[in-house]
Amino acid sequence: MFSVQLWAALLVLQTTLSGTVASPLPRAAGIPILVGNDDGWAEANIRAFYTQAKAAGYNTLVSAPAYDKSGSGSSSTTPEPLTTPGEYDSIPSGSPAVGHDASDDHLWYVNAYPADGITYGLANLSATYLGGPPALVVTGPNQGSNLGIATLFSGTVGAAAAAGMPAIAFSGASGSHRAYTELVAGDYSYVYADAALRLVDALLAGGVPYLPSGTALNVNFPEAGPGTACESGADVVFVMSRVYWALGLPIDAAQCGGNTLPTESSVVGTEGCYASVSLFDTSNKLDAGKADQQTVVDALGDFLSCLP
């Protein structure tokens with residue numbers, strides 16, 4: 001069984017010897033990641049992330065809804081057999097409530113809500129396909145932004161909140177719902193996937209427990225792809241933010257010379273290629289407290305930047 005603790009120890013050793021954190025070590029180690037979303041298991045963004053994460057060396061397992069369940073928040077139900085064809089005709093009508101792709105047993109659908117996809121994957125799939133609990137849960141990248149109050153209704157955020165362990169909800173402004181069969185090299189789905197993996201690398205490099213207990217990250221990317229400021233995942237600049245406006249009060253972690261973090265909307269709306277990174281309380285989806293924010297800011301260090 002893969003040992004996250006062993007990987008963390010090796011990464012510390014590599015950092016000591018080289019002075020930098022190199023991404024090939026954590027990726028090559030086969031770190032297990034469970035992936036879900038609310039757009040459905042056959043949507044382009046989740047498949048792009050799955051493909052890129054596997055290619056990077058992560059042991060990646062998808063457990064996501066059989067249909068588009070956008071806007072379902074933290075809803076939950078018992079999975080049921082399909083009475084109509086699954087998303088983009090990816091599953092025949094009459095199929096069982098839970099199943100996997102015929103050619104890839106790491107691609108699973110769960111005919112229920114986004115939160116159910118994650119909880120089912122954790123309870124019933126991860127031991128078999130990941131060798132134990134994942135190191136991290138990733139949801140998305142969602143098609144469309146999840147900024148501010150939208151986090152209360154987002155199935156992508158709801159799925160991350162349901163994980164009960166370190167999780168990141170990713171969302172991107174570009175595109176529209178489409179099947180994974182429409183993916184083309186270099187488009188926005190791959191930009192989001194590669195940028196998301198950069199943050200995954202950085203978070204895991206900080207060592208366990210990765211995030212404070214009872215928290216998760218909400219990350220929003222601006223428009224991406226050819227002709228935008230975000231033509232590749234390497235272009236994305238990550239900025240620590242907050243979900244809700246703080247009225248200018250100094251109630252946040254110390255970052256960029258102040259104690260009030262910018263809102264997600266202000267980060268994503270800044271000219272350039274800036275992505276917002278907010279720490280939220282999984283019990284209510286509101287901003288996490290100052291101490292927990294500071295833990296994440298300190299762990300990510302120079303990976304985070306300031307707005308111009």
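The values are calculated or read from the model by the stated rules, or taken from the named source; none is laboratory data. None of the values given here were measured: they were computed from a predicted structure. Don't worry about glycine lacking a Cβ; one is built from the backbone with ideal geometry, like all the others, and counts go over all protein chains shown.
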* Asked: Quick check: is even one residue across region 145-159 at pLDDT 95 or above, more than 19 Å from the chain's Cα centre (by Cα), of a type in the set (Phe, Trp, Tyr) and surrounded by 15 or more Cβ atoms within 10 Å (Cβ to Cβ)?
  -> no
* **Residues of region 88-114 satisfying the condition of being among the acidic types (Asp, Glu) and in contact (Cβ under 8 Å) with a residue 12 or more places away in the chain** => ASP105
* Has region 174-190 got any residue that is within 20 Å of LEU304 (Cβ to Cβ) and either modelled with pLDDT of 95 or more or among the hydroxyl-bearing types (Ser, Thr, Tyr) (or both)? -> no
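Conditions (1) surrounded by 15 or more Cβ atoms within 10 Å (Cβ to Cβ); (2) in contact with a helix residue (DSSP H, G or I) (Cβ under 8 Å, 6 or more places away or on another chain); (3) not polar (S, T, N, Q), marked per residue:
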{"site": "ALA193", "(1), (2), (3)": "yes, yes, yes"}
{"site": "GLY207", "(1), (2), (3)": "yes, yes, yes"}
{"site": "ASN220", "(1), (2), (3)": "yes, yes, no"}
{"site": "CYS230", "(1), (2), (3)": "yes, yes, yes"}
{"site": "MET240", "(1), (2), (3)": "yes, yes, yes"}
{"site": "LEU249", "(1), (2), (3)": "no, no, yes"}
{"site": "ALA254", "(1), (2), (3)": "no, yes, yes"}
{"site": "SER266", "(1), (2), (3)": "yes, no, no"}
* To do: Kindly indicate whether any position in region 75-89 is under 22 Å from ALA216 (Cα atoms), at pLDDT 95 or above and small (Gly, Ala, Ser).
  => yes
* Output the number of residues of region 146-163 satisfying the condition of being assigned to a loop (DSSP other than H, G, I, E, B), among the small types (Gly, Ala, Ser) and farther than 13 Å from GLY71 by Cβ. => 1
* **Looking only at region 115-130, and only at residues there that are free of Cβ contacts under 8 Å to residues at least 60 places away in the same chain and of a type in the set (Ser, Thr, Tyr), the one that is nearest to THR156 (Cα to Cα)** => THR119
* Structure fact -> Looking across region 102-134 at residues that are surrounded by fewer than 23 Cβ atoms within 10 Å (Cβ to Cβ) and aromatic (Phe, Trp, Tyr), the single one that is farthest from the chain's Cα centre (by Cα) is TYR129
* Of all residues in region 279-308 being closer than 18 Å to ARG198 by Cβ and of a type in the set (Gly, Ala, Ser), the one that is surrounded by the fewest Cβ atoms within 10 Å (Cβ to Cβ) -> GLY301
* Contacts under 7 angstrom Cβ, first residue in region 167-178 being more than 17 Å from THR270 (Cα to Cα), partner part of a loop (DSSP other than H, G, I, E, B), 6 or more apart -> ALA169/ASN146; HIS177/ASP39; HIS177/ASP68
* To do: Please work out if VAL191 is in a strand (DSSP E or B) and of a type in the set (Val, Ile, Thr).
  => no
